[in-house]
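Asker: Below is the structure I would like to discuss, written out as structure tokens.
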Ligand code: C5P
């Protein structure tokens, strides 16, 4: 599995997204489409970006009963996305249902990645709101291991956790890591960040980069810099 840079296309409309992607006349980046854009524009936006030659990570974070997730994943698989995700908190059975739904009649399927605990959830809210008493690191690694048992391909995690996830789940288990910033760039609202080069060193398989590329004066140059630092 090759390392790659995924651009988080956190735009609220088709027009803004396509205007942004129009700038990439050479290499077609792997892009992440999130809930905001998908709910605004529907499956058509996925088909359109796919038809332009981009790989797509559809970041919809499914979490429901196994049967509903299985059937919904079958729909996403037919959209021909390359990667999608769900919440590991939905249990191993839900994740197994997702794999079944995603698998096409010819045996192929998009990569399936789990969200363990959202980075917006801290230990205090886990304890108070969710009644989970264990340390957050232990919960994250346990959920990652559950994803592995269910047959998923990897997890979304901080680049700082990527090494540990590989230790627990094996080197082939993918780590998809946001929170990436250039050494000389703005950190913004991200708390724990790494440069693309550091993420590479620590073993991230994919980095998800939003504003350092989307808000750059020259997004194509920023993307190529990410590729140069992370993929080499
Ligand atoms: O603009 P920025 O590089 O911070 O964007 C990072 C992307 O990764 C956003 O789409 C954000 O929602 C997503 N993400 C994240 N932290 C997580 C999970 C996803 O920043 N823990």
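Asker: Looking only at the stretch 142-172, how many residues end up being touching a residue at least 60 places away in the same chain (Cβ under 8 Å), more than 15 Å from the ligand (Cβ to nearest atom) and within 21 Å of residue 198 (Cβ to Cβ)?
Answerer: Qualifying residue count for the region: 0.
Asker: With the condition kept exactly as written, say whether any residue in the stretch 224-231 is within 15 Å of the ligand (Cβ to nearest atom), farther than 22 Å from residue 11 by Cα, touching a residue at least 60 places away in the same chain (Cβ under 8 Å) and not in a helix (DSSP H, G or I).
Answerer: Among the residues of the stretch 224-231, not one is within 15 Å of the ligand (Cβ to nearest atom), farther than 22 Å from residue 11 by Cα, touching a residue at least 60 places away in the same chain (Cβ under 8 Å) and not in a helix (DSSP H, G or I), which makes the answer no.
Asker: Could you check, for the stretch 116-129, whether at least one of its residues is without any contact (Cβ under 8 Å) to a residue 40 or more places away in the chain and crowded, with 21+ Cβ neighbours inside 10 Å?
Answerer: Looking through the stretch 116-129, at least one residue is without any contact (Cβ under 8 Å) to a residue 40 or more places away in the chain and crowded, with 21+ Cβ neighbours inside 10 Å.
Asker: Looking at this structure, is residue 68 in contact with a strand residue (DSSP E or B) (Cβ under 9 Å, 6 or more places away or on another chain) and either on the phi < 0 side of the Ramachandran plot or assigned to a helix (DSSP H, G or I) (or both)?
Answerer: In short, yes.
Asker: Return the residue satisfying two criteria in turn: it lies in the stretch 200-221 and is in contact (Cβ under 8 Å) with a residue 60 or more places away in the chain and assigned to a loop (DSSP other than H, G, I, E, B), and of such residues it is surrounded by the fewest Cβ atoms within 10 Å (Cβ to Cβ).
Answerer: 210
Asker: Which of the helices (runs of 4 or more DSSP H) found entirely inside the stretch 1-59 contain at least 2 residues meeting this: over 20 Å from residue 216 (Cβ atoms)?
Answerer: Those helices (runs of 4 or more DSSP H) span 35-41, 43-51.
Asker: Which of (1) in contact with a strand residue (DSSP E or B) (Cβ under 9 Å, 6 or more places away or on another chain); (2) under 22 Å from residue 6 (Cα atoms); (3) surrounded by fewer than 22 Cβ atoms within 10 Å (Cβ to Cβ) does residue 43 not meet, given it meets every other one?
Answerer: Unmet for residue 43, out of (1) in contact with a strand residue (DSSP E or B) (Cβ under 9 Å, 6 or more places away or on another chain); (2) under 22 Å from residue 6 (Cα atoms); (3) surrounded by fewer than 22 Cβ atoms within 10 Å (Cβ to Cβ): (1).
Asker: What number goes with the only condition from (1) more than 16 Å from the ligand (Cβ to nearest atom); (2) within 18 Å of the chain's Cα centre (by Cα); (3) farther than 24 Å from residue 100 by Cα that residue 120 does not pass?
Answerer: If we test residue 120 against (1) more than 16 Å from the ligand (Cβ to nearest atom); (2) within 18 Å of the chain's Cα centre (by Cα); (3) farther than 24 Å from residue 100 by Cα, just (1) comes out false.
Asker: Name the one entry in 102, 58 that is in contact with a strand residue (DSSP E or B) (Cβ under 7 Å, 6 or more places away or on another chain) and either surrounded by fewer than 19 Cβ atoms within 10 Å (Cβ to Cβ) or within 21 Å of residue 13 (Cβ to Cβ) (or both).
Answerer: Of the residues listed, the single one that is in contact with a strand residue (DSSP E or B) (Cβ under 7 Å, 6 or more places away or on another chain) and either surrounded by fewer than 19 Cβ atoms within 10 Å (Cβ to Cβ) or within 21 Å of residue 13 (Cβ to Cβ) (or both) is 58.
Asker: Mind counting the residues in the stretch 183-197 that are in contact with a helix residue (DSSP H, G or I) (Cβ under 7 Å, 6 or more places away or on another chain) and either under 14 Å from residue 7 (Cβ atoms) or at pLDDT below 95 (or both)?
Answerer: 5
Asker: Also: Suppose we filter the stretch 173-199 for residues that are within 9 Å of the ligand (Cβ to nearest atom), in a loop (DSSP other than H, G, I, E, B) and within 21 Å of residue 55 (Cα to Cα); how many remain?
Answerer: 2
Asker: If you don't mind, there's one more thing I want to ask. Look through the stretch 2-18, keep the residues that are under 23 Å from residue 181 (Cα atoms) and loosely packed, with under 15 Cβ neighbours inside 10 Å, and return whichever of them is farthest from the ligand (Cβ to nearest atom).
Answerer: 2
The values are calculated or read from the model by the stated rules, or taken from the named source; none is laboratory data. Just so you know, these numbers come straight off a predicted model, no measurement behind them. Note that each Cβ is placed from the backbone with ideal geometry, even for glycine, and that neighbours are counted across all protein chains shown.
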